[in-house]
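Trainee: Before I ask anything, here is the structure I am working with.
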Amino acid sequence: MATEAASAKPEETTVETSADESAPLKKSRKILVAVDPSDESTYALKWSLENVIQAEDKVHLLHAQPYPKVYAGPAGPGFYVPPEVVETMKKQEEAVSRQVLRAAKAMCEQFKVAAEADVIEGEPRESICDAVEQLGVQLLVIGSHGYGTVKRAFLGSVSDYCVHHAACPVVVVRKV
């Protein structure tokens with residue numbers, strides 16, 4: 001048994017190198033950047049492009065489009081909302097999504113980073129965490145609105161939720 005181990009060849013390890021053969025190839029990472037119409041989101045994307053994202057990374061921009069909000073009126077929560085109103089609200093949300101993603105892709109192009117862009121419909125905090133798993137990303141970048149304790153208690157925090165539930169490391173970028 002000892003002679004088998006001594007006579008076995010050690011495994012060879014190969015490292016891929018770049019065209020100049022002196023530097024190893026960098027492994028690309030899948031990075032998801034959650035974007036919305038806020039200044040904090042724009043800042044988070046810019047910060048990540050300057051500090052985290054590299055040209056070889058696979059960047060995925062995601063805008064979580066919330067379901068249209070229907071508020072209770074004087075007749076209570078069960079009043080009738082005409083389909084035309086719901087359709088108009090949906091078209092408005094789609095226009096916002098297109099604008100947000102167009103601006104985010106333009107920023108990525110300025111940094112010479114290729115990016116895919118998608119819209120996902122649903123509650124942002126759950127939708128972002130679901131997308132992390134579906135896309136198999138290695139890093140999530142998300143902005144922080146900087147809500148105080150009271151506001152966060154009532155409104156919730158998408159970034160806080162993602163930190164605790166996303167299946168990858170999360171970078172929360174706070175605008176300073």
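The values are calculated or read from the model by the stated rules, or taken from the named source; none is laboratory data. Being a predicted model, the structure only gives us computed values, none of them experimental. We work out accessible area using only protein heavy atoms, side chains counted, and drop any ligands, DNA or RNA first. Shrake-Rupley method; radii C 1.70, N 1.55, O 1.52, S 1.80 Å.
Trainee: Kindly report the accessible area of the range 80-122 per residue (heavy atoms of protein chains, probe 1.4 Å, no ligands, DNA or RNA), in Å².
Mentor: Heavy-atom SASA per residue in the range 80-122 reads 70 Å².
Trainee: Calculate one ³J(HN,Hα) per residue across the range 40-47 by plugging θ = phi - 60° into the Karplus curve 6.51 cos²θ - 1.76 cosθ + 1.60, and present them in order as whole Hz with x for glycine and proline.
Mentor: Result, rounded to whole Hz: 5, 5, 4, 4, 4, 5, 4, 4.
Trainee: For Q138 and Q54, compute 0.36 nm times the residue count separating them, minus their Cα-Cα distance, and round to one decimal in nm. It would help to have the intermediate numbers written out before the result.
Mentor: Details: separation 84, 0.36 × 84 = 30.24 nm, distance 1.36 nm.
28.9 nm is the gain from fully extending Q138 to Q54.
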